[in-house]
Amino acid sequence: MNRTKVIIRTSIIGIIVNIILSAIKAVIGLTVNSIAIVMDAVNNLSDALSSVITIIGAKLSNKTPTKKHPLGFGRVEYLTTTVISVIILYAGVTAFVESFKKIINPSVPDYSVVSLLVVGIAVIVKIILGLYFKGVGSREKSDALIASGKDALFDGVISTATFLAGIIYLLFKVSIESYLGVIISIVIIKSGIEMLSDTISKILGERIESDFAKKVKKCVASIEGVHGAYDLILHSYGPDRLIGSVHIEVDDKLTANEIDEITRKIERKVYKEYNVNITGVGIYAVNTGDNEAARIRGEVSRIVTGFDYVIQMHGFYIKIEDLYMQFDVIVDFAAPNIKEVYHNIIDAVQEKYPDYTLQIILDRDISE
């Protein structure tokens, strides 16, 4: 079964379960006059709506690419996750307002053993559903399903608290459910804010995961003729659609035909092993058969890496006869002033090699 069908099937299960739970909790909440259970029912209904939006997102994201959107519609899933986060946030705010009203104008609940037993069963069902959603979401790389799974697990905790509040009332005739409703709503609001923040972060563009970046670079560097892989950039056009570029170091004596063969091997291997489309391969020429060039490279490397916050120097190439030197340097984002470090590097290298024309590129710390 393909990814879209799995997401839709999982979401349909979520819709059915949440509608049933919402209806049962609404009836119980209104019967026993419990604001906490009613708010829990509303939350279940919002979860069902979230699953509907997840289905819409999965369908839209799987549309055939068009001339206007040649890279497809995969990012729609990020937008649907944003909508789900807003719905959760709205449900939390609504629950907070209603619960606060009940604190000001309290009403006495009328719990029964049967009603609490039903709520207890709902807790178990919700936790199972949450774990199921998270498992499928992680396997299929669906942020919307993962978000729904997290929300369902939160609901399980919330329903557990409601269940305990009912037991406390039955045993001690002390009603804490209005205050519990406020606590529940705060948890929901916090969950919504965190999900919204995570999704917006992905839409803005996040740093590539360290382990994944290292694996892709290692894969690139494993191709014969490649001395090193740098400046890996990946753009996400959906959970399973990564497109990017990378720079490689190769011997300066290679022909265009040989370099073309290397880049094609890189594209094929990275796509086969990591499902990543490498659409651009930049070239750094490496001096070959020149001991003096190697000596200068080592000396420059010691100067550059001697500065605090310097992560890496790469792409070094020198033309001794032309007194020309070039390389890239990466400075950590943690540096108080990145440009100051960069200019200090230029000054230090220029002082050591005053007769050389320098071309030092300040690279961004984009990936490991």
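The values are calculated or read from the model by the stated rules, or taken from the named source; none is laboratory data. Since this is a predicted model, take the numbers as computed values, not measurements. When we count neighbours, we look across all protein chains shown, and the Cβ atoms used for this are built from the backbone with ideal geometry, even at glycine.
Listed values, structure above:
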| read-out | value |
| --- | --- |
| Residues that are crowded, with 22+ Cβ neighbours inside 10 Å and closer than 15 Å to residue 16 by Cα, drawn from the range 132-144 | 133 |
| Scope the range 108-125; condition touching a residue at least 40 places away in the same chain (Cβ under 8 Å) and within 22 Å of residue 12 (Cα to Cα); matching residues | 122, 123, 125 |
| Residue match in the range 58-72 (condition: surrounded by fewer than 24 Cβ atoms within 10 Å (Cβ to Cβ) and part of a helix (DSSP H, G or I)) | yes |
| Residue in the range 71-83 that is over 29 Å from the mean Cα position of the chain (by Cα) and assigned by TED's automatic domain parsing to the domain that holds residue 196 present | no |
| Set 206, 194: member being part of a loop (DSSP other than H, G, I, E, B), among the acidic types (Asp, Glu) and within 13 Å of the chain's Cα centre (by Cα) | 206 |
| Whichever residue in the range 126-142 is among the hydroxyl-bearing types (Ser, Thr, Tyr) and touching a residue at least 40 places away in the same chain (Cβ under 8 Å) and, among such residues, is farthest from residue 24 (Cα to Cα) | 142 |
| Considering residues of the range 316-356 that are hydroxyl-bearing (Ser, Thr, Tyr) and modelled with pLDDT of 95 or more only, the residue nearest to residue 246 (Cα to Cα) | 342 |
| Qualifying residue in the range 315-324 (condition: among the aliphatic types (A, V, I, L, M), touching a Ser or Thr at 6+ places or on another chain (Cβ under 7 Å) and surrounded by fewer than 16 Cβ atoms within 10 Å (Cβ to Cβ)) | yes |
| Residue identified as assigned by TED's automatic domain parsing to the domain that holds residue 43 and among the hydrophobic types (A, V, I, L, M, F, W, C) among 223, 233, 193 | 193 |
| Residue that is surrounded by the most Cβ atoms within 10 Å (Cβ to Cβ) [pool: residues in the range 234-252 that are closer than 12 Å to residue 277 by Cβ and among the hydrophobic types (A, V, I, L, M, F, W, C)] | 246 |
| Those residues of the range 74-131 which are of a type in the set (D, E, K, R) and either crowded, with 16+ Cβ neighbours inside 10 Å or not in a helix (DSSP H, G or I) (or both), in sequence order | 75, 77, 98, 102, 110, 126 |
| Test result for residue 146, within 19 Å of the chain's Cα centre (by Cα), at negative phi and hydrophobic (A, V, I, L, M, F, W, C) | yes |
| Set 289, 228, 238, 315: member being without any contact (Cβ under 8 Å) to a residue 40 or more places away in the chain and either of a type outside the set (A, V, I, L, M, F, W, C) or under 30 Å from residue 63 (Cα atoms) (or both) | 289 |
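Residues checked against (1) assigned by TED's automatic domain parsing to the domain that holds residue 179; (2) part of a helix (DSSP H, G or I); (3) modelled with pLDDT under 85; (4) within 33 Å of the chain's Cα centre (by Cα):
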| site | (1), (2), (3), (4) |
| --- | --- |
| 9 | yes, yes, no, yes |
| 17 | yes, yes, no, yes |
| 24 | yes, yes, no, no |
| 30 | yes, yes, yes, no |
| 33 | yes, no, yes, no |
| 38 | yes, yes, yes, no |
